[in-house]
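A.B. asks: This is the structure I have questions about; it appears just below.
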Amino acid sequence: MGDPLRLGLIGFGNVGSGVVKALEENRELLAARCPRPLELRRIADIDLERRRPVTVDPKLLTTDAESVVRDPEIDVIIELIGGIEPARTLVETALAEGKSVVTANKAMLASHGPELLALAAEKGVRLLFEAAVGGGIPVVRALCESLAANKIERIQGILNGTSNYILSQMIYEEMSYEEALAEAQTLGYAEPDPTADVEGIDAANKIAILASLAFGFDIRYSDVYRVGISKLTRQDHKIAATEQYVIKPLATAEITEPGAVGISVQPAVVSISSPLATVGDVMNGIIIEGFPVGVVFLVGPGAGPEPTASAVLGDLMALSLLESDRAAPRPFLEIPVGKRPRITAECDCDGYWIRVFHRGGPDALAEIVCVLTEEHVPILKCIEEEREGDESGVSRVVVVLTDTALWEDIRCVVRRLGEAEWLEPDTSVLVMPRFD
Ligand SMILES: NC(=O)c1ccc[n+]([C@@H]2O[C@H](COP(=O)([O-])OP(=O)(O)OC[C@H]3O[C@@H](n4cnc5c(N)ncnc54)[C@H](OP(=O)(O)O)[C@@H]3O)[C@@H](O)[C@H]2O)c1
């Protein structure tokens, strides 16, 4: 057995506690499988008094995270603070000190990952982040190792469990958006401030990381076209169901043409025959398409202390193996700093679902159709109903299913419809993704 791999944990919150608990509960299994035993030497957190689901030797604890990342007696830093600062500075310091880092921090990676990976390579250490995307789903290692021989063409996924839970409750329990959000908060799936989940920020961080790895471009969070789920109504789901669709929070990244990447997070109208339609509750699901593999579908728990701890421990075990011989080999996939693709919100889809509310009387539908026709957007079907919840009985909902169309033309339609006085706010455009 080699020398212990001495671990310093910064951030003893939900995931940090999950990691400490799993290190303890799987101690024998880990000892048998790791060439260098994993030894937790120090833990830093701002608040050391808070009750946690695990007890640790108080001698391990400190409030000074910087002293942990600079400690010469620590080999590997586990960063579970979250957020961009001070996490980024602490990770940078650890890498500069020649320590490998394991992190679950998608926000930091989606904004500063390429520079941090470059620093790790320069220092001959590793920055591993399986836990940053998909919780317990081994998607990062699948892309970086098992699928590294592939030309990846497209990634589509449900990458945020909270949004998926809210939409699933709206579909299957007939809840309103507000009721489903309140339930998610009661169950601890959603934060008191749910913005990062319901406005697609969390999923945008994750798809930026996956797209960078899969396509070998420097793609950041700010590149992702993003629409949240908070404007969807119960009636949207009912209409979708009658047409054999479900509405899912979908993250997509694809090569649209050589050197161009379409990347977005938005609610999408998914055919019930798609594998992603079966991903309910708080689960995550990811479809990866590439050559020569074809289509791979990964599904599993996308968050929670235990699934996330599984991913963190997997990275620590990989380090135990890699660092049994300190020469860190070059990873198969890298994210080159500054190698930028042309970024677009466009994706290769089967069409669009445009939902508007109007008070325009009997001619409104004809006017909507006229705008679509003038903007060269082919129409597959129009559905018009009374708007649910409108006590005046005047307001109507129109859903137009289109065939494939240029994203620019769809934007023109939305802009022109927005000029109509009889149209109410909250027009939604959902993509209808293509599944091969
Ligand atoms: N929760 C999940 O299911 C999940 C899943 C996948 C990935 N992740 C990622 O995992 C990371 C941790 O998430 P979490 O849910 O465990 O968050 P959390 O419960 O808020 O834990 C973060 C901990 O770090 C502490 N902290 C903040 N700033 C610090 C500093 N400067 N020095 C030392 N400690 C500091 C916090 O203390 P205070 O609370 O006192 O500020 C808190 O105890 C995030 O990057 C998150 O995106 C989480």
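A.B. asks: Only one of 35, 72 is in a loop (DSSP other than H, G, I, E, B) and either buried (at least 16 other Cβ atoms within 10 Å of the Cβ) or modelled with pLDDT of 95 or more (or both). Can you tell me which?
C.D. replies: Values: 35 fails: either buried (at least 16 other Cβ atoms within 10 Å of the Cβ) or modelled with pLDDT of 95 or more (or both).
From the options 35, 72, the qualifying one is 72.
A.B. asks: Identify, by number, the condition in (1) away from the ligand (no atom under 16 Å from the Cβ); (2) among the aliphatic types (A, V, I, L, M); (3) surrounded by fewer than 23 Cβ atoms within 10 Å (Cβ to Cβ) that residue 283 doesn't meet.
C.D. replies: If we test residue 283 against (1) away from the ligand (no atom under 16 Å from the Cβ); (2) among the aliphatic types (A, V, I, L, M); (3) surrounded by fewer than 23 Cβ atoms within 10 Å (Cβ to Cβ), just (1) comes out false.
A.B. asks: With the requirement that a residue be under 16 Å from residue 235 (Cα atoms) and of a type in the set (A, V, I, L, M, F, W, C), what does the stretch 395-434 give you?
C.D. replies: 397, 398, 399, 400, 401, 429, 430
A.B. asks: Any chance you could count how many residues in the stretch 202-226 are surrounded by fewer than 24 Cβ atoms within 10 Å (Cβ to Cβ) and among the small types (Gly, Ala, Ser)?
C.D. replies: Here the count works out to 2.
A.B. asks: Is it the case that some residue within the stretch 56-65 is part of a strand (DSSP E or B) and more than 15 Å from residue 312 (Cα to Cα)?
C.D. replies: Applying the first criterion (part of a strand (DSSP E or B)) to the stretch 56-65 yields 61-62.
After this cut, where a residue has to be more than 15 Å from residue 312 (Cα to Cα) as well, the list is 61-62.
Yes: one or more hits.
A.B. asks: Name the residues in the stretch 403-436 that are in a strand (DSSP E or B) and open to solvent by 70 Å² or more (accessible area, probe 1.4 Å), would you?
C.D. replies: So in the stretch 403-436, the residues in a strand (DSSP E or B) come out as 423-433.
If the condition is that a residue be in a strand (DSSP E or B) and open to solvent by 70 Å² or more (accessible area, probe 1.4 Å), then 425 is the only one that fits.
A.B. asks: Next question, about the same structure. Of all the residues that make up the stretch 1-41, how many are within 11 Å of the ligand (Cβ to nearest atom) and either among the acidic types (Asp, Glu) or closer than 18 Å to residue 55 by Cβ (or both)?
C.D. replies: 10
A.B. asks: Can you give me the number of residues within the stretch 367-398 that are closer than 20 Å to residue 347 by Cβ, outside any loop (DSSP other than H, G, I, E, B) and open to solvent by less than 30 Å² (accessible area, probe 1.4 Å)?
C.D. replies: 1
The values are calculated or read from the model by the stated rules, or taken from the named source; none is laboratory data. This is a predicted model, so every value here is computed, not measured. Please note: Cβ atoms are built from the backbone with ideal geometry, for glycine as well, and neighbour counts cover all protein chains shown. Note: areas computed on protein heavy atoms with side chains; ligands, DNA, RNA excluded. Shrake-Rupley method; radii C 1.70, N 1.55, O 1.52, S 1.80 Å.
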